[in-house]
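What follows is a set of notes on a single structure, which appears directly below.
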Amino acid sequence: GTNYDFYLSYNGYDVFFEIKYTERGFGSCNGDTSHQTKFENNYEEQLKGSVCIKESIKDTIHFPEMQEYYQLFRNILSIKKDTDYVVFLFPRENSITNGQFEAFKDKYLSEEGKNHVKCVYWEDLTECMGERFRNKFFFYV
């Protein structure tokens, strides 16, 4: 029951990773009663208190926004201190995931949030692994 695929804690820093490889986009949720209740009981106040959310929109975030960007919102809520980070790792060529991340970042993240929420592309991590590896696992390039 976690929100993350990988977690790293080192020297006082906590880094939470959401890793995409073949998925086409970040998770959303439907408008059912259980998600609405979870938003009202758990997420609404956390979002309003988060340094990662733009101050100008904190009071206007309602369940429909959470529905569309459910996984992204949930993941950033783990940022509680200056040494917490969330990293979204996915292929650069995944235009759906990339578009969702950029739209979310531009619309919702404060400048402080942008310092703690990062996008890393698989291709940048695998560059040192050689052409054979990239051709095998990133054959769309």
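A few comments on the model shown:
- Annotation note: of F90, F16, F26, F6, the sole residue that is of a type outside the set (K, R) and modelled with pLDDT of 95 or more is F16.
- Qualifying positions in the range 72-119 - over 13 Å from the mean Cα position of the chain (by Cα) and part of a loop (DSSP other than H, G, I, E, B): K80, K81, D82, T83, P91, R92, E93, N94, S110
- Any hit, the range 111-127, residues being in contact (Cβ under 8 Å) with a residue 24 or more places away in the chain and either touching a His at 6+ places or on another chain (Cβ under 6 Å) or polar (S, T, N, Q) (or both): no
- Within the range 96-137, considering residues that are in contact with a Lys or Arg (Cβ under 9 Å, 6 or more places away or on another chain) and over 27 Å from S56 (Cβ atoms), the one most open to solvent (accessible area, probe 1.4 Å): E127
- E93 being of a type outside the set (G, A, S), over 27 Å from E127 (Cβ atoms) and open to solvent by 10 Å² or more (accessible area, probe 1.4 Å): no
- Some residue of the range 29-47 being touching a residue at least 60 places away in the same chain (Cβ under 8 Å) and within 17 Å of T97 (Cα to Cα): no
The values are calculated or read from the model by the stated rules, or taken from the named source; none is laboratory data. In this text the structure is predicted, and so the values were computed from the model without any measurement. Counting neighbours? That spans all protein chains shown, and the Cβs are built from the backbone with ideal geometry, glycine included. All accessible areas refer to the heavy atoms of the entire protein, side chains included, with ligands and DNA or RNA removed. Shrake-Rupley method; radii C 1.70, N 1.55, O 1.52, S 1.80 Å.
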